[in-house]
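Below: one structure, written as C-alpha cells.
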Amino acid sequence: MILLEKHVSIDALNERGQTALHIASKGDKAAFVGVLLKTDAERDMFDILSRTPAHLAASSSGLRSLRILLKYEPDLSIGPCINGRRATLHVAIDNLETIELLGIHGADPNHPKADGYTALRLAIAWVQYPVVEYLLQHGGDAAKTTQDGLTGFGLAIQSSE
C-alpha cells in the first residue's frame, strides 16, 4: 500500500473518530482488515460513539472481517457505547452465526451492559430464541437480573406482550 510506504499514520482518525480499520471492518472489507492488522493497526481503538472495529464488524451482515479481527484477539468485552456498556455480543444479538463465532473466541455471555442486560437478556427481550438457546448452552446465566429487577422469565413475559 502506497500510503504505508509514505508513512501515513495507520490509525489516523476521520471526523467520526474512526480509523481505516473501523471503516474496513464496518464494510466487511476483509482484505483491508488483514493488511491493516498485519501493519499493527490499533484493534481496540474507540470511535466517537465508543465502538471498536470488532463492534462494527459484529454488527454488520458479513463475517469475513470479523473472522480476521478475531485472529488478532481484540478485547470482546469493551465498549461503553452511548446507550450503555455494550460488548460485541450485545451488538450482534440478532445474528446467531455472529454470536456463535464470538462465543468460540471467548466472548462472555454474562458481561452486562450498564443497565444489567447481558447478551442473554437482550436475546430474550428481542425474541431471538435461537440465540437464547445458544447462550444458555454456552454459559449464559438465566438467574441474573437487570437493574430494574427483571429475570429471564420476566423479560420473556414482557417481550410477549
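The values are calculated or read from the model by the stated rules, or taken from the named source; none is laboratory data. As the structure is a computational prediction, the values presented were derived from the model and not from experiment. Positions of Cβ are backbone-derived with ideal geometry, glycine not excepted, and every protein chain shown enters the neighbour counts.
Computed values, structure above
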item	result
Verdict on I23 being within 12 Å of D11 (Cα to Cα) and either surrounded by fewer than 18 Cβ atoms within 10 Å (Cβ to Cβ) or free of Cβ contacts under 8 Å to residues at least 12 places away in the same chain (or both)	yes
Selection status of A41, part of a loop (DSSP other than H, G, I, E, B) and more than 14 Å from the chain's Cα centre (by Cα)	yes
All positions within the range 93-139 that are out of contact with any Leu (no Cβ under 8 Å at 6 or more places or on another chain) and of a type in the set (F, W, Y)	Y117, W126, Y129
Failed item in (1) of a type outside the set (V, I, T); (2) at pLDDT 80 or above; (3) more than 30 Å from D40 (Cα to Cα), with D108 passing the rest	(3)
Residue match in the range 67-77 (condition: of a type in the set (S, T, Y) and under 12 Å from the mean Cα position of the chain (by Cα))	yes
Given (1) touching a Pro at 6+ places or on another chain (Cβ under 6 Å); (2) among the charged types (D, E, K, R); (3) surrounded by 22 or more Cβ atoms within 10 Å (Cβ to Cβ), number of the condition R51 does not satisfy	(1)
Odd one out for D141, checked against (1) surrounded by fewer than 19 Cβ atoms within 10 Å (Cβ to Cβ); (2) within 17 Å of the chain's Cα centre (by Cα)	(2)
